[in-house]
1. Could you please report the charge total around Ala25, scoring K, R as +1 and D, E as -1 over all other residues with beta-carbon less than 15 angstrom from its beta-carbon?
2. Would you mind putting 32-45, 81-94, 151-164 in packing order, based on average other-beta-carbon counts within 10 Å, highest first?
3. Just add up the charged neighbours of Val96: K/R +1, D/E -1, any other residue whose Cβ is under 9 Å from the Cβ of Val96.
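Read-outs throughout are calculated quantities, based only on the coordinates presented, and are distinct from any laboratory measurement. Nothing here was measured: the structure is a model prediction, and the numbers come from that model. Positions of Cβ are generated from backbone atoms using ideal geometry, with glycine treated the same way; all protein chains shown enter the neighbour counts.
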Amino acid sequence: YFPPPTLIPNRTLRERFVRVRPPQATVGVLYFHGNAGAATEVPWLASVCEQSGLAFYAAEYPGYGNTQPLPRTEAEMFRAAEQALGWVYEDGIEEVILWGRPLGSAPAVHLASTRTVRGLVVHAGFASIFTVVNRVAGGWMRALDLDMFANADKMARVQCPVFFVHPSNDTLIR
């Protein structure tokens, strides 16, 4: 559905931002991919959105998708998510549905907890990074206070409708 991305070193986040917008669309879906993914990974979702009259956007994170080599930190990811949301509104979209898939649930939940949006889809999301790696890393992460992406804590501030999607056979994120 989209042409394959051109993998040119040091692309900016804006150059890696995916946009599929029917002319009449006033509502858009802003998609945030998982750790092993890229902004171009869901052509099926872009197609469904377009056929439904919705705009579709997919954001890239610093250090992913062959973007400029920036640190992969929680703060950098959230700044990139805020920037992507700004681009959606600049494109004339009035209402946004955020969709986050595993790692992408963190920027989606973050935005939904700090901004007014139409809805939130948490697709195979997690409570926090600690809950994902606890079985492997044990208690040392808690002892060092290394937890991040605290989705569960932020959910209390989300004011929009939320739809949770999670496969029953997921062995990593439970």
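1. Here the count lands on -2.
2. Numbers: 32-45: 18.2, 81-94: 16.2, 151-164: 14.0.
Packing proxy ranking, top to bottom: 32-45, 81-94, 151-164.
3. Summing Lys/Arg as +1 and Asp/Glu as -1 gives 0.
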